[in-house]
Amino acid sequence: MAFLHIKNVVLRGVAACIPARVEENTDLAHMTAPDIEKLVATTGIERRHIVNTGTCTSDLCLKAAEQLINELKWDTKEIEALIFVSQTPDYILPATSCLLQDRLGLPADCISLDISLGCSGFVYGLSTLASYMQTGMIKKALLLAGDTSSLTCSKKDKSTYPLFGDAGTVTALEFSEGADGFKFHLGCDGSGSNAIIINDGGYRNPFNSESLTTSDIAEGISRSKLHLALDGMDVFSFGISMAPETVNALLRRFNIDKEKIDFFYFHQANKMMNERIRKKLLLPEHKVPLSLRQFGNTSSASIPLTMVTQTAKALSSGENEVLACGFGVGLSWGTVCFTAKYLTIPELIYYD
Amino acid sequence: MNLETFVQEFAEQFDEMPADSFSGSTQFKNNEEWSSMTALLIIAMVDQNYGVKLTGDDVRKSTTIADIYHIVHTKAMS
(Lines give C-alpha, C1' and ligand atoms only; values in the text may rest on other atoms or scores of the structure.)
Protein backbone atom coordinates (compact mmCIF):
# COMPACT_ATOMS: atom_id res chain seq x y z
CA MET A 1 0.00 0.00 0.00
CA ALA A 2 1.49 3.29 -1.09
CA PHE A 3 1.04 5.73 1.77
CA LEU A 4 3.07 8.89 2.23
CA HIS A 5 3.29 11.47 4.98
CA ILE A 6 5.14 14.53 3.72
CA LYS A 7 5.78 17.10 6.42
CA ASN A 8 7.04 20.70 6.50
CA VAL A 9 5.10 21.80 3.40
CA VAL A 10 1.87 23.80 3.25
CA LEU A 11 -0.56 24.81 0.55
CA ARG A 12 -0.62 28.62 0.28
CA GLY A 13 -3.02 29.28 -2.56
CA VAL A 14 -4.92 28.00 -5.54
CA ALA A 15 -6.26 29.60 -8.73
CA ALA A 16 -8.21 28.40 -11.74
CA CYS A 17 -8.63 29.68 -15.28
CA ILE A 18 -11.34 28.52 -17.69
CA PRO A 19 -12.10 29.42 -21.30
CA ALA A 20 -14.76 32.16 -21.61
CA ARG A 21 -16.56 30.18 -24.32
CA VAL A 22 -19.48 28.14 -22.99
CA GLU A 23 -21.20 25.20 -24.61
CA GLU A 24 -24.63 24.28 -23.29
CA ASN A 25 -25.41 20.56 -23.27
CA THR A 26 -28.98 21.46 -24.25
CA ASP A 27 -27.55 22.69 -27.57
CA LEU A 28 -25.87 19.41 -28.49
CA ALA A 29 -26.43 18.83 -32.18
CA HIS A 30 -26.11 15.08 -32.45
CA MET A 31 -28.57 14.05 -29.76
CA THR A 32 -32.36 14.01 -29.40
CA ALA A 33 -34.09 16.16 -26.76
CA PRO A 34 -35.15 13.23 -24.50
CA ASP A 35 -31.62 11.82 -24.71
CA ILE A 36 -30.14 15.16 -23.69
CA GLU A 37 -32.58 15.47 -20.79
CA LYS A 38 -31.62 12.02 -19.54
CA LEU A 39 -27.93 12.78 -19.99
CA VAL A 40 -28.11 16.02 -18.00
CA ALA A 41 -30.18 14.37 -15.25
CA THR A 42 -27.73 11.48 -14.87
CA THR A 43 -24.43 13.29 -15.31
CA GLY A 44 -25.47 16.56 -13.70
CA ILE A 45 -23.47 18.37 -16.38
CA GLU A 46 -25.42 21.29 -17.88
CA ARG A 47 -22.63 23.20 -19.60
CA ARG A 48 -18.91 23.21 -20.17
CA HIS A 49 -16.30 25.84 -20.88
CA ILE A 50 -14.27 24.91 -23.92
CA VAL A 51 -11.24 26.43 -25.58
CA ASN A 52 -11.09 28.04 -29.01
CA THR A 53 -8.74 26.45 -31.51
CA GLY A 54 -5.18 27.39 -30.70
CA THR A 55 -5.55 27.63 -26.94
CA CYS A 56 -3.58 25.08 -24.93
CA THR A 57 -3.84 23.85 -21.35
CA SER A 58 -0.57 25.67 -20.67
CA ASP A 59 -2.17 29.00 -21.66
CA LEU A 60 -4.92 28.52 -19.07
CA CYS A 61 -2.44 27.43 -16.40
CA LEU A 62 -0.12 30.33 -17.20
CA LYS A 63 -2.85 32.90 -16.69
CA ALA A 64 -3.89 31.28 -13.41
CA ALA A 65 -0.26 31.15 -12.23
CA GLU A 66 0.45 34.80 -13.06
CA GLN A 67 -2.58 35.89 -11.06
CA LEU A 68 -1.78 33.69 -8.06
CA ILE A 69 1.88 34.77 -7.96
CA ASN A 70 0.67 38.34 -8.04
CA GLU A 71 -1.82 37.93 -5.20
CA LEU A 72 0.62 35.93 -3.09
CA LYS A 73 3.17 38.70 -3.71
CA TRP A 74 5.74 36.04 -4.54
CA ASP A 75 8.93 36.99 -6.35
CA THR A 76 9.22 34.70 -9.37
CA LYS A 77 13.00 34.47 -8.68
CA GLU A 78 12.22 32.49 -5.51
CA ILE A 79 10.20 29.78 -7.26
CA GLU A 80 12.47 26.76 -7.58
CA ALA A 81 10.17 24.00 -8.80
CA LEU A 82 7.33 23.72 -11.29
CA ILE A 83 5.32 20.61 -12.12
CA PHE A 84 2.84 20.53 -15.00
CA VAL A 85 0.25 17.75 -14.80
CA SER A 86 -1.63 17.25 -18.06
CA GLN A 87 -2.44 14.86 -20.88
CA THR A 88 -2.87 17.69 -23.37
CA PRO A 89 0.66 19.12 -23.59
CA ASP A 90 1.75 21.75 -26.13
CA TYR A 91 4.00 19.29 -27.97
CA ILE A 92 4.96 15.65 -27.86
CA LEU A 93 8.33 17.12 -26.94
CA PRO A 94 9.75 19.21 -25.33
CA ALA A 95 7.98 18.99 -21.99
CA THR A 96 5.46 21.79 -21.51
CA SER A 97 6.87 22.55 -18.05
CA CYS A 98 10.06 23.81 -19.74
CA LEU A 99 8.01 26.23 -21.85
CA LEU A 100 6.12 27.36 -18.76
CA GLN A 101 9.33 27.98 -16.80
CA ASP A 102 10.32 30.44 -19.51
CA ARG A 103 6.89 32.02 -19.99
CA LEU A 104 6.47 32.57 -16.24
CA GLY A 105 9.93 34.07 -16.02
CA LEU A 106 11.11 31.56 -13.43
CA PRO A 107 14.86 31.24 -12.83
CA ALA A 108 16.83 28.68 -14.88
CA ASP A 109 17.77 27.18 -11.52
CA CYS A 110 14.31 25.63 -11.26
CA ILE A 111 13.16 22.00 -11.38
CA SER A 112 10.65 21.62 -14.23
CA LEU A 113 8.81 18.40 -14.86
CA ASP A 114 5.73 17.10 -16.70
CA ILE A 115 3.51 14.38 -15.27
CA SER A 116 1.17 12.57 -17.64
CA LEU A 117 -1.90 11.79 -15.56
CA GLY A 118 -5.55 12.82 -15.76
CA CYS A 119 -8.18 12.68 -13.05
CA SER A 120 -5.77 11.47 -10.34
CA GLY A 121 -3.07 13.92 -11.47
CA PHE A 122 -3.67 16.74 -9.01
CA VAL A 123 -3.11 14.44 -6.04
CA TYR A 124 -0.10 12.73 -7.64
CA GLY A 125 1.42 16.08 -8.60
CA LEU A 126 0.96 17.38 -5.08
CA SER A 127 2.79 14.35 -3.68
CA THR A 128 5.72 14.76 -6.09
CA LEU A 129 6.12 18.48 -5.54
CA ALA A 130 5.74 18.27 -1.76
CA SER A 131 8.36 15.49 -1.69
CA TYR A 132 10.87 17.77 -3.41
CA MET A 133 10.26 20.43 -0.78
CA GLN A 134 10.11 18.62 2.54
CA THR A 135 13.74 19.18 3.58
CA GLY A 136 13.48 22.91 3.02
CA MET A 137 16.04 23.26 0.27
CA ILE A 138 13.22 24.43 -1.99
CA LYS A 139 10.98 26.99 -0.34
CA LYS A 140 8.42 27.92 -2.98
CA ALA A 141 6.98 25.90 -5.84
CA LEU A 142 4.04 25.67 -8.23
CA LEU A 143 1.85 22.79 -9.34
CA LEU A 144 0.05 23.46 -12.63
CA ALA A 145 -2.72 21.01 -13.50
CA GLY A 146 -5.32 20.92 -16.22
CA ASP A 147 -6.50 19.63 -19.55
CA THR A 148 -8.28 20.68 -22.71
CA SER A 149 -10.12 17.38 -23.03
CA SER A 150 -12.73 18.93 -25.36
CA LEU A 151 -10.06 18.78 -28.06
CA THR A 152 -9.62 15.03 -27.61
CA CYS A 153 -13.31 14.07 -27.94
CA SER A 154 -15.32 13.40 -31.09
CA LYS A 155 -18.29 15.78 -31.34
CA LYS A 156 -20.30 12.78 -32.51
CA ASP A 157 -19.56 10.72 -29.41
CA LYS A 158 -22.30 11.10 -26.81
CA SER A 159 -20.29 8.98 -24.36
CA THR A 160 -17.47 11.56 -24.12
CA TYR A 161 -18.15 14.93 -25.75
CA PRO A 162 -20.94 16.15 -23.39
CA LEU A 163 -18.92 15.24 -20.31
CA PHE A 164 -15.61 17.05 -20.62
CA GLY A 165 -14.78 20.71 -20.03
CA ASP A 166 -11.46 22.54 -20.18
CA ALA A 167 -9.61 24.20 -17.32
CA GLY A 168 -6.15 25.09 -16.06
CA THR A 169 -5.20 25.51 -12.41
CA VAL A 170 -2.25 26.41 -10.24
CA THR A 171 -1.50 25.47 -6.66
CA ALA A 172 1.22 27.18 -4.63
CA LEU A 173 3.22 25.20 -2.07
CA GLU A 174 5.63 26.59 0.50
CA PHE A 175 8.11 25.10 2.96
CA SER A 176 6.99 25.58 6.56
CA GLU A 177 9.13 23.99 9.25
CA GLY A 178 7.08 21.91 11.66
CA ALA A 179 3.90 21.82 9.58
CA ASP A 180 2.10 18.48 9.54
CA GLY A 181 1.94 18.66 5.75
CA PHE A 182 0.15 16.14 3.54
CA LYS A 183 -0.95 12.54 3.99
CA PHE A 184 -1.38 10.49 0.83
CA HIS A 185 -2.67 7.20 -0.45
CA LEU A 186 -1.74 6.54 -4.10
CA GLY A 187 -2.40 3.59 -6.38
CA CYS A 188 -2.79 2.33 -9.91
CA ASP A 189 -4.30 -0.60 -11.85
CA GLY A 190 -2.96 -0.67 -15.39
CA SER A 191 -5.08 -3.71 -16.26
CA GLY A 192 -7.82 -1.12 -16.80
CA SER A 193 -5.75 0.99 -19.19
CA ASN A 194 -8.21 0.39 -22.02
CA ALA A 195 -11.13 1.92 -20.14
CA ILE A 196 -10.03 5.48 -21.06
CA ILE A 197 -7.64 5.68 -23.97
CA ILE A 198 -6.60 7.55 -27.11
CA ASN A 199 -5.45 4.69 -29.27
CA ASP A 200 -3.36 6.31 -32.00
CA GLY A 201 -0.81 9.08 -32.15
CA GLY A 202 1.68 7.76 -29.61
CA TYR A 203 4.46 5.35 -30.45
CA ARG A 204 2.57 2.06 -29.83
CA ASN A 205 0.21 2.98 -32.65
CA PRO A 206 1.81 5.89 -34.49
CA PHE A 207 -0.38 8.28 -36.48
CA ASN A 208 -1.13 6.58 -39.81
CA SER A 209 -3.33 6.95 -42.87
CA GLU A 210 -6.30 5.37 -41.03
CA SER A 211 -6.01 7.30 -37.77
CA LEU A 212 -8.49 9.96 -38.92
CA THR A 213 -11.09 7.53 -40.25
CA THR A 214 -14.32 7.87 -38.29
CA SER A 215 -16.21 4.69 -37.47
CA ASP A 216 -19.61 4.08 -35.88
CA ILE A 217 -19.01 2.27 -32.60
CA ALA A 218 -22.62 2.30 -31.39
CA GLU A 219 -25.70 4.49 -31.71
CA GLY A 220 -24.59 8.07 -31.05
CA ILE A 221 -20.95 7.07 -30.84
CA SER A 222 -18.75 7.84 -33.87
CA ARG A 223 -15.07 8.53 -33.45
CA SER A 224 -11.63 8.07 -34.93
CA LYS A 225 -8.61 6.44 -33.32
CA LEU A 226 -7.23 9.85 -32.43
CA HIS A 227 -10.28 10.53 -30.28
CA LEU A 228 -10.73 9.72 -26.64
CA ALA A 229 -12.52 6.40 -26.13
CA LEU A 230 -14.22 5.82 -22.81
CA ASP A 231 -15.87 2.66 -21.50
CA GLY A 232 -18.44 4.36 -19.30
CA MET A 233 -19.50 1.16 -17.57
CA ASP A 234 -15.95 0.11 -16.64
CA VAL A 235 -15.08 3.58 -15.39
CA PHE A 236 -18.29 3.84 -13.38
CA SER A 237 -17.74 0.46 -11.80
CA PHE A 238 -14.15 1.40 -10.96
CA GLY A 239 -15.07 4.82 -9.54
CA ILE A 240 -17.83 3.73 -7.20
CA SER A 241 -15.68 0.99 -5.69
CA MET A 242 -12.16 2.49 -5.71
CA ALA A 243 -12.90 6.05 -4.55
CA PRO A 244 -14.54 4.97 -1.27
CA GLU A 245 -11.82 2.34 -0.82
CA THR A 246 -8.88 4.75 -1.14
CA VAL A 247 -10.57 7.35 1.09
CA ASN A 248 -11.22 4.75 3.77
CA ALA A 249 -7.67 3.40 3.43
CA LEU A 250 -6.20 6.86 4.06
CA LEU A 251 -8.51 7.58 7.01
CA ARG A 252 -7.65 4.23 8.60
CA ARG A 253 -3.89 4.37 7.99
CA PHE A 254 -3.52 7.79 9.60
CA ASN A 255 -6.30 7.38 12.12
CA ILE A 256 -8.17 10.41 10.81
CA ASP A 257 -11.61 11.14 12.23
CA LYS A 258 -13.95 11.54 9.25
CA GLU A 259 -16.15 13.91 11.25
CA LYS A 260 -13.27 16.38 11.57
CA ILE A 261 -12.92 16.83 7.82
CA ASP A 262 -14.60 20.04 6.65
CA PHE A 263 -14.56 19.41 2.90
CA PHE A 264 -14.24 16.30 0.74
CA TYR A 265 -13.27 17.21 -2.82
CA PHE A 266 -13.78 14.40 -5.29
CA HIS A 267 -12.74 14.38 -8.89
CA GLN A 268 -15.81 15.59 -10.80
CA ALA A 269 -16.72 12.64 -13.00
CA ASN A 270 -20.50 12.72 -13.18
CA LYS A 271 -23.26 13.31 -10.69
CA MET A 272 -24.45 9.74 -10.53
CA MET A 273 -20.95 8.45 -9.81
CA ASN A 274 -20.11 11.23 -7.34
CA GLU A 275 -23.40 10.76 -5.48
CA ARG A 276 -22.80 7.01 -5.18
CA ILE A 277 -19.36 7.65 -3.76
CA ARG A 278 -20.69 10.22 -1.29
CA LYS A 279 -23.44 7.91 -0.11
CA LYS A 280 -21.13 4.91 0.26
CA LEU A 281 -18.89 7.00 2.49
CA LEU A 282 -21.93 8.34 4.41
CA LEU A 283 -20.91 11.96 3.86
CA PRO A 284 -23.35 14.87 4.20
CA GLU A 285 -23.96 16.87 1.00
CA HIS A 286 -22.70 20.17 2.43
CA LYS A 287 -19.24 18.68 2.95
CA VAL A 288 -18.92 17.43 -0.62
CA PRO A 289 -18.88 20.38 -3.04
CA LEU A 290 -19.66 19.78 -6.72
CA SER A 291 -18.69 21.94 -9.67
CA LEU A 292 -19.57 19.62 -12.55
CA ARG A 293 -22.90 21.30 -13.36
CA GLN A 294 -21.06 24.35 -14.72
CA PHE A 295 -17.78 22.87 -15.88
CA GLY A 296 -18.19 19.15 -16.52
CA ASN A 297 -15.29 16.77 -16.00
CA THR A 298 -12.12 18.87 -16.14
CA SER A 299 -9.63 16.04 -15.58
CA SER A 300 -6.74 16.98 -13.25
CA ALA A 301 -8.19 20.49 -12.82
CA SER A 302 -11.44 19.29 -11.26
CA ILE A 303 -10.35 19.28 -7.60
CA PRO A 304 -8.65 22.72 -7.53
CA LEU A 305 -11.44 24.14 -9.75
CA THR A 306 -14.02 22.93 -7.23
CA MET A 307 -12.01 24.44 -4.37
CA VAL A 308 -11.93 27.80 -6.17
CA THR A 309 -15.50 27.95 -7.44
CA GLN A 310 -17.41 26.35 -4.57
CA THR A 311 -15.51 26.99 -1.35
CA ALA A 312 -13.19 29.97 -1.88
CA LYS A 313 -14.73 31.96 0.96
CA ALA A 314 -14.36 29.24 3.59
CA LEU A 315 -10.85 28.27 2.46
CA SER A 316 -9.55 31.84 2.38
CA SER A 317 -11.03 32.99 5.67
CA GLY A 318 -10.08 30.23 8.08
CA GLU A 319 -8.57 26.86 8.86
CA ASN A 320 -10.11 23.79 7.24
CA GLU A 321 -9.35 20.09 7.26
CA VAL A 322 -9.48 19.03 3.64
CA LEU A 323 -9.57 15.69 1.86
CA ALA A 324 -9.22 15.36 -1.91
CA CYS A 325 -9.60 12.22 -4.01
CA GLY A 326 -8.86 11.83 -7.72
CA PHE A 327 -9.55 8.70 -9.75
CA GLY A 328 -9.70 7.82 -13.43
CA VAL A 329 -7.55 7.31 -16.51
CA GLY A 330 -4.73 4.82 -15.95
CA LEU A 331 -6.55 3.50 -14.10
CA SER A 332 -5.00 5.60 -11.38
CA TRP A 333 -6.14 7.06 -8.07
CA GLY A 334 -4.90 9.16 -5.20
CA THR A 335 -6.25 10.63 -1.97
CA VAL A 336 -4.72 13.40 0.12
CA CYS A 337 -5.57 14.95 3.46
CA PHE A 338 -4.19 18.26 4.76
CA THR A 339 -4.97 21.39 6.74
CA ALA A 340 -5.73 24.44 4.60
CA LYS A 341 -5.07 27.70 6.44
CA TYR A 342 -6.14 31.07 5.06
CA LEU A 343 -5.52 30.22 1.43
CA THR A 344 -5.00 32.88 -1.19
CA ILE A 345 -7.65 32.26 -3.85
CA PRO A 346 -8.00 34.73 -6.74
CA GLU A 347 -11.43 34.98 -8.35
CA LEU A 348 -12.07 32.54 -11.16
CA ILE A 349 -10.16 33.72 -14.23
CA TYR A 350 -11.59 33.66 -17.77
CA TYR A 351 -9.52 33.17 -20.92
CA ASP A 352 -10.79 34.80 -24.12
CA MET B 1 -28.61 -14.85 -3.29
CA ASN B 2 -31.46 -16.07 -5.42
CA LEU B 3 -32.65 -15.34 -8.94
CA GLU B 4 -36.12 -14.21 -7.94
CA THR B 5 -34.85 -11.43 -5.64
CA PHE B 6 -32.22 -10.45 -8.19
CA VAL B 7 -34.84 -10.07 -10.93
CA GLN B 8 -36.86 -7.79 -8.63
CA GLU B 9 -33.81 -5.67 -7.81
CA PHE B 10 -32.96 -5.54 -11.50
CA ALA B 11 -36.51 -4.48 -12.39
CA GLU B 12 -36.42 -1.63 -9.86
CA GLN B 13 -33.78 0.11 -11.98
CA PHE B 14 -36.36 0.67 -14.71
CA ASP B 15 -38.81 3.57 -14.34
CA GLU B 16 -41.43 2.76 -16.91
CA MET B 17 -41.40 -1.01 -17.35
CA PRO B 18 -43.78 -2.73 -14.88
CA ALA B 19 -41.76 -4.82 -12.39
CA ASP B 20 -43.90 -7.93 -12.90
CA SER B 21 -43.01 -8.00 -16.59
CA PHE B 22 -39.47 -9.14 -15.72
CA SER B 23 -38.21 -12.69 -15.28
CA GLY B 24 -34.87 -14.47 -15.46
CA SER B 25 -35.27 -15.00 -19.18
CA THR B 26 -36.08 -11.33 -19.93
CA GLN B 27 -33.79 -9.94 -22.62
CA PHE B 28 -33.18 -6.74 -20.73
CA LYS B 29 -31.73 -4.67 -23.57
CA ASN B 30 -34.74 -5.45 -25.74
CA ASN B 31 -37.00 -2.57 -24.70
CA GLU B 32 -37.48 1.15 -25.25
CA GLU B 33 -36.19 2.18 -21.86
CA TRP B 34 -32.80 0.45 -21.86
CA SER B 35 -29.88 2.85 -22.26
CA SER B 36 -26.29 3.26 -21.11
CA MET B 37 -27.71 5.08 -18.08
CA THR B 38 -29.78 2.03 -17.10
CA ALA B 39 -26.59 0.00 -17.37
CA LEU B 40 -24.94 2.28 -14.80
CA LEU B 41 -27.91 1.86 -12.46
CA ILE B 42 -27.58 -1.93 -12.74
CA ILE B 43 -23.83 -1.73 -12.02
CA ALA B 44 -24.54 0.49 -8.99
CA MET B 45 -27.26 -1.88 -7.71
CA VAL B 46 -24.94 -4.90 -7.99
CA ASP B 47 -22.14 -3.00 -6.23
CA GLN B 48 -24.42 -1.96 -3.41
CA ASN B 49 -26.38 -5.16 -2.86
CA TYR B 50 -23.72 -7.77 -3.66
CA GLY B 51 -20.36 -5.94 -3.38
CA VAL B 52 -19.53 -7.16 -6.89
CA LYS B 53 -17.87 -5.12 -9.67
CA LEU B 54 -19.64 -5.63 -13.00
CA THR B 55 -17.52 -4.61 -16.00
CA GLY B 56 -18.65 -3.16 -19.31
CA ASP B 57 -17.87 -6.50 -20.95
CA ASP B 58 -20.05 -8.36 -18.42
CA VAL B 59 -23.02 -6.22 -19.44
CA ARG B 60 -22.22 -6.28 -23.17
CA LYS B 61 -21.94 -10.06 -23.39
CA SER B 62 -25.14 -10.69 -21.40
CA THR B 63 -28.57 -11.01 -22.98
CA THR B 64 -30.91 -12.08 -20.19
CA ILE B 65 -31.18 -11.09 -16.54
CA ALA B 66 -30.19 -14.65 -15.66
CA ASP B 67 -26.92 -14.12 -17.57
CA ILE B 68 -26.09 -11.17 -15.31
CA TYR B 69 -27.25 -13.11 -12.26
CA HIS B 70 -24.82 -15.93 -13.04
CA ILE B 71 -21.91 -13.50 -13.45
CA VAL B 72 -22.73 -11.81 -10.14
CA HIS B 73 -23.16 -15.18 -8.44
CA THR B 74 -19.78 -16.43 -9.70
CA LYS B 75 -17.99 -13.23 -8.72
CA ALA B 76 -19.65 -13.11 -5.31
CA MET B 77 -18.43 -16.67 -4.59
CA SER B 78 -14.81 -16.02 -5.60
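Express in nm, to one decimal, how much length is gained between residue A:131 and residue A:275 on full extension, taking 0.36 nm for each residue of separation and deducting their alpha carbon distance.
Details: separation 144, 0.36 × 144 = 51.84 nm, distance 3.23 nm.
In short, 48.6 nm is gained.
Note the buried accessible area between A and B here, summed over both chains, with a 1.4 Å probe, in Å² to the nearest 100. Write out the running numbers ahead of the final one.
Details: alone 15480 and 4800 Å², together 18910 Å².
Buried: approximately 1400 Å² between B and A.
Please determine, in degrees from 0 to 90 and to the nearest 10, the orientation of helix B:36-50 with respect to the longest principal axis defined by the Cα atoms of chain B, where the helix direction is its Cα long axis.
Its long axis makes an angle of about 40 degrees.
Quick one: compute the contact order of chain A, relative version, from alpha carbon pairs under 8 angstrom and 6+ residues apart, as a percent.
Values: 861 pairs, mean separation 98.2, N = 352.
So the answer I get is 28 percent.
Here are some pairs, A:7/A:139; A:38/A:156; A:7/A:279; A:155/A:225; which of them have Cα atoms lying more than 22 Å apart in this structure?
On the way: A:7/A:139 13 Å; A:38/A:156 17 Å; A:7/A:279 31 Å; A:155/A:225 14 Å.
Among A:7/A:139; A:38/A:156; A:7/A:279; A:155/A:225, the Cα-Cα distance tops 22 Å for A:7/A:279.
Residue separation times 0.36 nm, minus the C-alpha to C-alpha distance between residue A:103 and residue A:219: what's the value?
Details: separation 116, 0.36 × 116 = 41.76 nm, distance 4.42 nm.
The span from residue A:103 to residue A:219 would gain 37.3 nm if fully extended.
I want to check the label-to-label distance for residue A:259 and residue A:5. Put each point 7 Å from Cα in the C-beta direction and report it in nm to one decimal.
Label at residue A:259, label at residue A:5, 2.3 nm between them.
Straight-line reach from residue A:280: which lysines fall under 20 Å, measuring Cα to Cα and dropping same-chain residues less than 8 apart?
The reachable lysines, counting only those whose Cα sits under 20 Å from residue A:280, are A:258, A:260, A:271, B:53.
Rank A:212, A:60, A:331 by mean-square fluctuation in a GNM of chain A with C-alpha springs under 10 angstrom and give only the top-ranked residue.
A:212
List, by residue number, every residue in region A:215-260 with a reduction of 30 Å² or greater in accessible area between the chain on its own and the complete protein assembly, 1.4 Å probe.
By number: A:231, A:233, A:234, A:236, A:237, A:240, A:241.
Just subtract the alpha-carbon distance of residue A:139 and residue A:78 from 0.36 nm times their residue separation and send over the number in nm, one decimal. Don't skip to the end; give the middle numbers.
Details: separation 61, 0.36 × 61 = 21.96 nm, distance 0.77 nm.
Value of the extension gain: 21.2 nm.
Choose one answer from B:37, B:45, B:17: the residue with the largest mean-square fluctuation in a GNM of chain B with alpha-carbon springs under 10 Å.
Comparing B:37, B:45, B:17 in a Gaussian network model of chain B, the most mobile one is B:37.
Using only the alpha-carbon atoms of region A:205-281 as identical scatterers, what base-10 log of I(q)/I(0) does the Debye formula give at q = 0.15 Å⁻¹?
-0.69
Among A:125, A:220, A:334, which one shows the biggest mean-square fluctuation in a GNM of chain A, springs joining Cα atoms closer than 10 Å?
Sorting by GNM fluctuation, first place goes to A:220.
State the Kirkwood hydrodynamic radius of region B:3-77 in Å, one decimal place, computed from all pairs of distinct Cα atoms.
Values: mean 1/r = 0.0820 Å⁻¹.
With all distinct Cα pairs of region B:3-77 included, I get 12.2 Å.
Can you give the helix-only mean residue ellipticity at 222 nm for the protein assembly as shown, where every DSSP H stretch with n ≥ 4 adds -39500 (n - 2.57) and the sum goes over all residues, rounded to the nearest 500 deg cm²/dmol? Intermediate results must be reported in sequence, preceding the final value.
Details: 12 runs with 142 residues, N = 430.
After summing the helix terms and dividing by residue count, I get -10000 deg cm²/dmol.
If you take the C-alpha gyration tensor of the protein assembly as shown, multiply each eigenvalue by 5 and take the square root, what semi-axes do you get, largest first, in whole Å? Present the calculation step by step, with values, prior to reporting the outcome.
Details: eigenvalues 287, 126, 71 Å².
The equivalent ellipsoid of the protein assembly as shown has semi-axes of 38, 25, 19 Å.
Using alpha carbons only, how many degrees (0 to 90, rounded to 10) separate the axis of helix A:33-43 from the longest principal axis of chain A?
Here the helix axis deviates by roughly 30 degrees.
Helix A:121-133: angle to the longest alpha-carbon principal axis of chain A, degrees 0 to 90, nearest 10?
The two axes meet at around 20 degrees.
With labels modelled as points extended 7 Å from the Cα through the Cβ direction, what inter-label distance (nm, one decimal) is found for residue B:4 paired with residue A:30?
4.7 nm
The values are calculated or read from the model by the stated rules, or taken from the named source; none is laboratory data. All values derive from a computational prediction rather than experimental measurement. In this analysis, Cβ positions are derived from the backbone assuming ideal geometry, glycine residues included, and neighbour counts consider all displayed protein chains. Heads up: the accessible areas ignore ligands, DNA and RNA and are worked out on the full protein's heavy atoms, side chains in. Shrake-Rupley method; radii C 1.70, N 1.55, O 1.52, S 1.80 Å.
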